[in-house]
Amino acid sequence: MSKHQLPDLGFAFNALEPHIDAKTMEIHHGKHHAGYVSKLNAALESAPALADYDVDELLRNLASVPESIRTAVRNNGGGHSNHSLFWTLLSPQGGGDPVGKLGQAISSTFGSLDAFKKQFSEAAASRFGSGWAWLSVDRFGKLVISSTPNQDSPVIDGLSPVLGLDVWEHAYYLTYQNRRPDYIAAFWNVVSWKQANEYYQAALG
């Protein structure tokens with residue numbers, strides 16, 4: 001049975017400092033994300049028919065996952081999928097303005113980059129407890145901002161995420177403590193708009 005695996009982070013733990021500290025990245029990737037992968041694999045041991053599904057296929061087809069493990073797959077598969085996407089959207093060379101077709105779509109959809117950032121940041125700041133903020137493409141090709149609780153993925157709702165921000169406390173607490181808005185503001189300094197644009201173009205097909 002093929003096992004889901006923890007992806008490489010793609011940069012050094014300290015590469016995003018001072019915006020995201022090295023210890024947070026080390027724990028977030030090596031403990032939290034690794035834990036989701038391990039628990040997902042454990043849950044799937046009882047369902048060999050799902051061995052060849054990638055994680056997003058599992059999330060898109062939760063109804064076909066045996067009920068006894070569905071919650072575990074939703075939570076841990078979501079955690080694996082969300083984090084795998086998140087790492088690719090962070091870059092030591094990040095920040096600046098959106099590029100390419102995504103930049104154009106953000107301007108036309110939200111009116112301006114500042115208006116988009118305000119709306120996205122509010123979705124992240126107002127998510128009660130643990131969760132995520134998202135910019136996704138819906139099935140009509142339109143950009144939508146949303147937030148999800150816990151490790152729920154937009155993929156479950158038929159959306160194609162192009163940008164996500166983890167607002168679980170484990171993502172920021174060592175540096176920012178209870179100041180989630182400061183962490184959200186720092187995020188804009190490390191966003192890989194190049195990668196987000198690639199996800200956007202892929203979502204449009």
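The values are calculated or read from the model by the stated rules, or taken from the named source; none is laboratory data. These numbers come from a predicted model, not from an experiment. Here Cβ is always computed from backbone atoms with ideal geometry, including for glycine, and neighbour counts include all displayed protein chains. Side chains are part of the model used for accessible areas, which takes the heavy atoms of the whole protein and leaves out ligands, DNA and RNA. Shrake-Rupley method; radii C 1.70, N 1.55, O 1.52, S 1.80 Å.
Side notes on the structure shown:
- Of everything in the range 75-123 that is assigned to a loop (DSSP other than H, G, I, E, B) and among the aliphatic types (A, V, I, L, M), the residue that is nearest to HIS28 (Cα to Cα) is LEU89.
- Taken over the range 85-135, the criterion of being of a type in the set (Val, Ile, Thr) and within 15 Å of the chain's Cα centre (by Cα) is satisfied by THR88 alone.
Results for (1) modelled with pLDDT under 95; (2) part of a helix (DSSP H, G or I), shown as yes or no for each residue.
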{"position": "MET1", "(1), (2)": "yes, no"}
{"position": "ASP8", "(1), (2)": "no, no"}
{"position": "LYS39", "(1), (2)": "no, yes"}
{"position": "LEU59", "(1), (2)": "no, yes"}
{"position": "ARG70", "(1), (2)": "no, yes"}
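- Residue within the range 53-63 that is of a type in the set (D, E, K, R) and more than 25 Å from ALA202 (Cβ to Cβ) present: no
- Every residue from the range 82-101 that is surrounded by 17 or more Cβ atoms within 10 Å (Cβ to Cβ) and touching a strand residue (DSSP E or B) at 6+ places or on another chain (Cβ under 7 Å): ASN82, LEU85, PHE86, LEU89, GLY94
- Restricting the range 158-180 to residues that are surrounded by fewer than 16 Cβ atoms within 10 Å (Cβ to Cβ) and of a type in the set (D, E, K, R), the residue that is farthest from the chain's Cα centre (by Cα) is ARG179.
- Cβ-Cβ contacts under 8 Å between residues 6 or more apart (or on different chains), taken from a first residue in the range 53-64 that is closer than 18 Å to HIS83 by Cβ to a second residue that is open to solvent by 50 Å² or more (accessible area, probe 1.4 Å) and of a type in the set (D, E, K, R), are listed as LEU59/ARG74.
- Failed criterion for TYR183 (all others in (1) over 18 Å from PHE11 (Cβ atoms); (2) of a type outside the set (Val, Ile, Thr); (3) open to solvent by 20 Å² or more (accessible area, probe 1.4 Å) hold): (3)
- Taken residue by residue, the range 71-81 has at least one member that is among the β-branched types (Val, Ile, Thr) and crowded, with 20+ Cβ neighbours inside 10 Å.
- Filter result (of a type in the set (D, E, K, R) and either open to solvent by less than 20 Å² (accessible area, probe 1.4 Å) or in contact (Cβ under 8 Å) with a residue 40 or more places away in the chain (or both)) within the range 190-205: LYS194
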